[in-house]
Structures are given as structure tokens and as C-alpha cells.
1. What is the spin-label model distance, in nm, from Lys86 to Gln158 if the labels are put 7 Å beyond Cα along the C-beta direction?
2. Between beta-carbons, use under 10 Å as the cut-off and find the net charge around Gly159, counting Lys and Arg +1, Asp and Glu -1.
3. About the Cα centre of region 60-187, how large is the charge dipole given +1 on each Lys and Arg Cβ and -1 on each Asp and Glu Cβ? Please answer in debye to the nearest 20.
4. Per residue, what accessible area does region 49-197 have, given a 1.4 Å probe and all protein chains present, in Å²?
5. Set the Förster distance to 22 Å, then compute FRET efficiency between Arg120 and Glu60 from the Cβ-Cβ distance, nearest 0.05.
6. In straight Cα distance, which aspartates and glutamates are under 13 Å from Lys39, not counting same-chain residues fewer than 8 positions off?
7. How much accessible surface does Met55 have with a 1.4 Å probe, in Å² rounded to 10?
8. Quote the FRET efficiency, to the nearest 0.05, computed for Asp69 versus Asp143 with a Förster distance R0 of 30 Å and r equal to the Cβ-Cβ distance.
Amino acid sequence: MLKTSLTATLYTALSLSAIAAQGADAVDVAALRADSMKKLVVHAEPKDTPSTPFMLQNGEEMTLAGLSDNIKVVNFWATWCAPCRKEMPALDALAKEFAPMGLSVVPIATGHNPIPAIERFFGDAGIESIDYALDPKSKLARDMSVLGLPVTVILDEQGREIARLTGDADWHSQSARDIVSALLGQSAGREEPMTQN
């Protein structure tokens, strides 16, 4: 009886420590949120994303899981959405700084967004480090439960959603950059604990 009790206690302790270790990354990233990034919801567990296709700028169909094997910041936006237009330069600056370290920033124009209007906006706003993608019938947005714009989701290396921010944010703020640095460090297998600057 004692042996069974000890085994059960040990199993429970190991299970709880595994759960705690698994949730530590989410807690560490959540602790880095400040200012407009306080709206970022960091999930305790990664969430699978739908296999709904969207279109890359070159016309190729793609899925979220089919994107690169690194951390991705996927932004659902539209040319007619003022907050979307406001935050796009910060997303571009984020991509410019962190693409060499493996970050992908993917703005997906959702709904009716004429390509000339997208290209005119990108040109006027000086967007140079990111390529737009298209979700013309908003199928992916619906399947991702995007109810308003902008919505930005962060995906892990397997294309699973690990965090979501509804509304606009300063994606090149110190907080956003700390969060991205921490996530890229985790994906590279960095062992040291994340700290807030």
C-alpha cells in the first residue's frame, strides 16, 4: 500500500512539474507585456490553426502551417481599416529588425482589398520589409475567429497559435521587441530565463 502511495505521489509531483515547466514560457512572455502590448493574450497551450488557404503576393496558395519553420507574426488587416494602416509601419520595422534572426511578419489583407490600393498604401507608408498576402473572401479570417480588424496572431514553428492581440498596437515598441526576442530565443533552444529590460 505504501509503495502504491509513494508511486502515486511521485507521479503527481512529476506531472505537476512538467505542467509548470510547460507553462513557464507563456508566463515569461506574458510578463514582458507593456503599454499597447498589454492586450496580447498569451495562450497557456498552443492552439492548432485551420488549414484554410490564403494567397501569397506571387499568387501561390499557402496555409498558416505551411509558412516558414520559425516564429511568425500574422496580421489580419484591410486597406480601409484606419487602425490597421496606423500599425503597419511598426510591423514593417519589426520585420526589418528581426527577419535576420528568423522572424516572419505576414500581413494578410482580409476581404475586399484591391491590389492597386494595397500597393499604393505600401508605397505611401514606406513599407519595404514585408510582403502582403490575400484572404479575399475572408475565409481564413472567419476560420481564425477574426471578428474585427486588426487582429494579430503569433504562431510557433509548427504554425500553432501561441498568442493573439485584438486591435492595433505598437509592434516596434520595446515591449513588442522584448516579446519577439524571447520567442526567437525559445525557438533557438535558448536555456537562460527571459528577463524584462
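1. So the two model labels end up 3.7 nm from each other.
2. -3
3. 340
4. Accessible area per residue, region 49-197: 46 Å².
5. 0.45
6. Answer for Lys39, where 13 Å is the Cα cut-off: Asp168, Asp170, listed by chain and number.
7. Ignoring ligands and nucleic acids, Met55 comes out at about 70 Å².
8. 0.85
The values are calculated or read from the model by the stated rules, or taken from the named source; none is laboratory data. Keep in mind that what you see is a predicted model, and the values were worked out from it rather than measured. Note that each Cβ is placed from the backbone with ideal geometry, even for glycine, and that neighbours are counted across all protein chains shown. Keep in mind that these areas ignore ligands, DNA and RNA; they rest on the heavy atoms of the full protein, side chains included. Shrake-Rupley method; radii C 1.70, N 1.55, O 1.52, S 1.80 Å.
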